[in-house]
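Report on the structure given below.
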Amino acid sequence: MNLNHLKREIVNATQAAHTGHVPSALSVLDIIYVMYHNAMQSDDRFVLSKGHAALALYAVLADIGVISHEAFMAFGTRDSICGGHPDSVTIPSVEFSTGSLGHGLGMAAGLAIGLHGPRVFCLIGDGEMQEGATLEALRLVGSMALPVTVILDNNATHPCRGAVDIFQAYGFTTVECNGHNHDALTQCLEYRSGPLAVIANTIKGNGIARMMAEPAAWHSRAPTAPEAAEMIAELTP
Amino acid sequence: MRAQFAKTITDLCEHNDRVILLYGDVGGWAFRNVPRAINCGISEQAMVSMAGGLAKAGMIPVVYTIAPFLAERAFEQIKVNAYNNLPVIYVTVGASYDYGTMGATHHCPADIATLYNVPGLGLLCPGAPMEADAMLRQAVDSGAAWYMRLSIERGGRDYGDVLQIGRAIVYQSGSIAAAIIAVGNSIAQVTQAVRDMPEMTVIYLPTVRPLDTETIRSQCAGKPVLLIEPFYTTLYADIAACGVGNIIGLSPRREFIRHYGTQRQMTKASGIYYADIRSALWAIYPVMTA
């Protein structure tokens, strides 16, 4: 399934606000979409530990009606509920205000313990696997056998080396898939018998040629109006 | 105070399903009877984040370790929990120099000054075991986030029966126009320093934040004040804003103490021993007898 309609929204919101991490949002958009449409059951929770991918979360939440389209398009404005990183205080469905890398998984683990039953899904970036706090949390999730699913957004340009070995060493059932294939993601996310790690291999900037070619340059660069128009055209069938 | 904390947290967990203790692989034996406790191991940052997650799920997490490993090592996690409005209670031991033979990695004279910079985090410094008990119970009932600093240094009288978070205690209200403000467990050394001076007003502040500005104003307005803090100075500006007179501050110098000794010896080395307080009193009470 093609999410170009959501990618166009992301480009528009970023261009209007002159701010936003578009390539990071594009690498996780499919994952978050599958999360909210297929993977999560009614009491489950989702933590976006890779907070700078916020635009992808807002796009999906707006698409399913949790936030209004207007709120999403007001991204990055003075009193917006949609800041550069998601804020749990302004958007109730956002479990935690993330943005500093490495905090989300520990918080997700605590949430899982406190909820006594539902599964907590936590999306982390390959960069977060460099943070010691992430590894601390992996150890705790694994040793306590918590109902936590970690999805690793593993960008092709700088994937986490040894990710399979790391997760397995910490006691996670570990699977790997194409992070842009909804069927593959859905199947991987079905496992619910203990700690699960889904290594989702992704492309930073997926869907926009200029961003895929130079992901680092576009990491936090908002497209100008002419650039955005080009990108919208590319994303329009 | 640590032994009392173990008793109190056991009791709280037994009677309140929402309370849960997390500790960083310290004090385990004391917590053997706590019905709901997680030893998070030597992972303080994840422990603090986990506490945030537990609070999000509606639990009342109490996090326990040695002061520097919480306030310094996991400072950012504490900040993020506060940013998320998560009511977590942080309790530490060690205070400034209780671990007197362990070197500065185990000292934390900076905890209050550092955590002062986390918006919304209350700061508690009980001076005696039942005060710690009262403060922890009130903190659990409050729905707010607190940092409580336990120490082996303790005062004479235990105010646990009357203590209210956020309220100063008037240790003695004197006749002269001078006052001592004893923050936290500096009350121990202060009460020794003034044991023959009933004319000196002494205000005891077991709560650092929120500050009881009303009591400070009513007891100390216009009077020269000796401000004793058992940690790197934090409250000078806030006390000054209460309309007191000249303030002389006594607190540990911002220097690593590279000597080793008992907690008593370290208190002397850090310059807030009762003899130091006695000497400093000259500055606000020049006519006192030696």
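Please treat every number below as a calculation from the coordinates, not as lab data. Computed from a predicted structure; not experimentally measured. Cβ placement follows ideal geometry from the backbone for every residue including glycine, while neighbour counts extend to all protein chains displayed.
Observations, loosely collected:
- Electrostatic bookkeeping for A:PHE72 treats Lys and Arg as +1 and Asp and Glu as -1; over the other residues with beta carbon under 11 Å from its beta carbon, the sum is -3.
- The sum of -39500 (n - 2.57) across all DSSP H runs of n ≥ 4, divided by the residue count of chain A, sets its helix-only mean residue ellipticity at 222 nm to -11500 deg cm²/dmol.
- DSSP assigns beta bridges within the range B:134-290; of those with both partners inside it, close to 25 percent run antiparallel.
- For the range B:142-214, the set of trypsin sites (Lys or Arg not before Pro) satisfying both a DSSP loop assignment and a count of at most 16 other C-beta atoms within 10 Å is given as B:ARG157, B:ARG167, B:ARG195.
- Chain A: DSSP helices with Cα axial extent of at least 15 Å and average Kyte-Doolittle hydropathy no lower than 1.6: A:22-34, A:104-115
- For the range A:41-141, applying the loop criterion from DSSP together with a ceiling of 15 other beta carbons within 10 Å to the trypsin sites (Lys or Arg not before Pro) yields A:ARG78.
- The distance separating the Cα centre of the range A:216-237 from that of the range B:153-194 comes to 64 Å.
- Within chain B, the longest run free of exposed loop sites, counting chymotrypsin sites (Phe, Trp or Tyr not before Pro) that sit outside DSSP helix and strand states (H, G, I, E, B) and have at most 13 other Cβ atoms within 10 Å, spans B:1-255.
- Environment charge of B:PRO87, counting only residues whose C-beta is closer than 12 Å and scoring Lys/Arg +1, Asp/Glu -1: +1
- Restriction of the trypsin sites (Lys or Arg not before Pro) in the range B:30-105 to DSSP coil positions whose beta-carbon has at most 10 other beta-carbons within 10 angstrom yields B:ARG32.
- Annotation: lysines with alpha-carbon distance below 19 angstrom to A:LYS7 (same-chain offsets under eight excluded): A:LYS50, A:LYS204.
- Beta bridges per DSSP, both residues in the protein assembly as shown: antiparallel share near 10 percent.
- Between A:LEU140, A:ILE208, B:ILE239, the Cα set farthest toward the positive side of the dipole of the protein assembly as shown (charges on each charged residue's Cβ, about the Cα centre) is that of B:ILE239.
- The slack in the chain from B:ASN117 to B:MET102, taken as 0.36 nm per residue of separation less the alpha-carbon distance, amounts to 2.7 nm.
- For B:GLN172, the residues 5 or more places off, or on other chains, whose built amide H falls under 5 Å of its own are B:VAL202.
- Convex hull of the range B:95-165 built on C-alpha atoms - directionally averaged projected area, nm²: 5.3
- Spatially, the range B:1-79 and the range A:41-72 are offset by 31 Å when compared through their Cα centroids.
- Projecting label points 7 angstrom from Cα along Cα→Cβ for A:SER68 and B:VAL170 puts them 5.5 nm apart.
- Shielding by other protein chains, B:68-80, mean Cβ within 10 Å: 2
- Dividing the summed helix terms, -39500 (n - 2.57) for each DSSP H run of n ≥ 4, by the number of residues in chain B produces a 222 nm estimate of -9000 deg cm²/dmol to the nearest 500.
- In the frame of its principal axes, the protein assembly as shown has Cα extents of 92, 50, 40 Å, reported largest first.
- With Cα atoms, 0 to 90° folded angle of helix B:129-142 axis to chain B main axis: 60
- Pairs of C-alpha atoms in chain A farther apart than 30 Å represent 19 percent of all such pairs.
- Label point 7 Å beyond Cα of B:VAL162 along Cβ direction - residues of the range B:196-217 with amide nitrogen under 12 Å: B:204
- Nearest-0.05 FRET efficiency for B:HIS259 and A:SER42, computed from C-beta distance (R0 51 Å): 0.25
- For the range A:130-149 and the range B:217-290, distance of Cα centres in Å: 45
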